[in-house]
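The values are calculated or read from the model by the stated rules, or taken from the named source; none is laboratory data. The structure displayed is predicted, hence computed values, not measured ones. Backbone-built Cβ (ideal geometry, glycine too); neighbour counts: all protein chains shown. Please note that ligands, DNA and RNA were not included when accessible areas were found on the heavy atoms of the full protein model with its side chains. Shrake-Rupley method; radii C 1.70, N 1.55, O 1.52, S 1.80 Å.
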Amino acid sequence: MKHTAEKKQTIVLYILEKITAKTQSLSKVVAETFNISTNTVHTYLNELIENGIIEKQKRGQYNLVNTHNEYIFRRSEGDLISDTLPYNVCLEKEIRNLDNNVQHIWSYALSEMVNNVIDHSGADNMQVIVTRNYLTTDVLLIDDGVGIFEKIKNHFALSDLDEAICELFKGKLTTDEANHSGEGIFFTSKMMDAFLISSGGKIFTSSKFDGDKVLDISLNAKGTCVFMSLSNFTHKTPKEIFDQYSNVDGGFVTTRIPLKNIFDAAPVSRSQAKRVCNRLEKFEEAILDFDEIEWMGQGFAHQIFVVFRNAHPEISIVPQNMNDSVKSMYDHVVNTN
């Protein structure tokens, strides 16, 4: 039975996803899922091998074929002047056959991250590593600058790197307001399937699977490392990502703060609440995500939902994903004031 091009593409993508997942009995699983013969599955597998998309390891086991290219840009040689140069040199030729929305996302994301290196890092060198296979494109940027979290901490006189990362979650954060909007990292992290910044022994990461996270790591190398990964078949567009956080005039008016990634334990104090509320006056709406927060203290709740709300009635504070315990404290402070 001959499948339509669309049906065949669906089957092929499923095969590749199962190969990535190291699925056992691959042919049988695919055949049963699509109600096709194992001979048809083998035909597709052979075509993928012939086209250089996968390679056979041994009977029933395959790997996706990856390409890997590395580039170095040096400030001393005039390479760190244009934020579009790395896209033109490293990525444009790699993704020119992908859909326009994918190309537009990468053009925006890479230029924004490179711009941060050029204008903010003080780096002398930047390395760009592009790894691709049929399903995904990954880009890694490594610079030898001051380190993004350290830069934010020092500029805003924050107490530690964790507080700097907390500010990064909100967006509209820049150490050069005269020349930058502070939106690049925020929107890039939302466009990517996986996004990670490593600097000063900390990792900020956001992915479509796990949400936003901050992880402690032992790496304390100088500079900043940015990792970005995107499906070659994503249906996302830059416009839809911007629209999620913008008003009808296109302004960046909404921020979302995942509290589980900011506090190691349940938030209890007014000082913790003040950290969350810092710079919220730059937005019209702040979504506080209480997912996986088991409870919150009265001081924390009162500072945000009474003190800050009363001081800034023009800002909408929207709590989400509250369990019964958190909701009980929320109701308590709101209804008794």
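Of note:
- Restricting the trypsin sites (Lys or Arg not before Pro) of segment 1-54 to loop positions (DSSP other than H, G, I, E, B) with no more than 10 neighbouring Cβ atoms within 10 Å leaves Lys2, Lys22.
- Here segment 23-84 was treated as a single set of alpha-carbon atoms; its pair distances binned every 10 Å from 0 give 18, 34, 14, 12, 15, 7 percent.
- Heavy-atom accessible area with a 1.4 Å probe sorts Tyr134, Tyr62, largest first, into Tyr134, Tyr62.
- Computed accessible area, His155, all protein chains, 1.4 angstrom probe, square angstrom: 100 Å²
- Distance from the C-alpha centroid of segment 65-98 to that of segment 256-326: 41 Å, rounded to the whole angstrom.
- In segment 271-337, the ratio of gyration radius to Kirkwood radius, Rg to Rh, stands at 0.93 when only Cα atoms are counted.
- Rounded to whole Å, the principal axis extents of the Cα atoms in segment 42-138 read 52, 27, 17, largest first.
- The Cα atoms of the chain define a convex hull whose projected area, averaged across directions, is 21.0 nm².
- Where the Cα pairs of segment 49-94 fall when distances are cut into 10 Å bins, in %: 21, 32, 20, 18, 8, 0
- Cross-link reach list, aspartates and glutamates versus Lys56, counting only Cα pairs under 16 Å and skipping chain neighbours closer than eight places: Glu17, Glu47
- Residue among Pro86, Pro267, Pro313 with the largest mean-square fluctuation in a Gaussian network model of the chain, springs linking Cα atoms under 10 Å: Pro313
- Taking His332, His120 and ordering them by how much accessible surface each has at a 1.4 Å probe, largest first, produces His332, His120.
- Note on the chain: GNM, Cα springs under 10 Å; of Val128, Val146, Val29, the largest mean-square fluctuation is that of Val29.
- Gyration tensor over alpha-carbon atoms, segment 1-52, equivalent ellipsoid semi-axes in Å: 15, 13, 10
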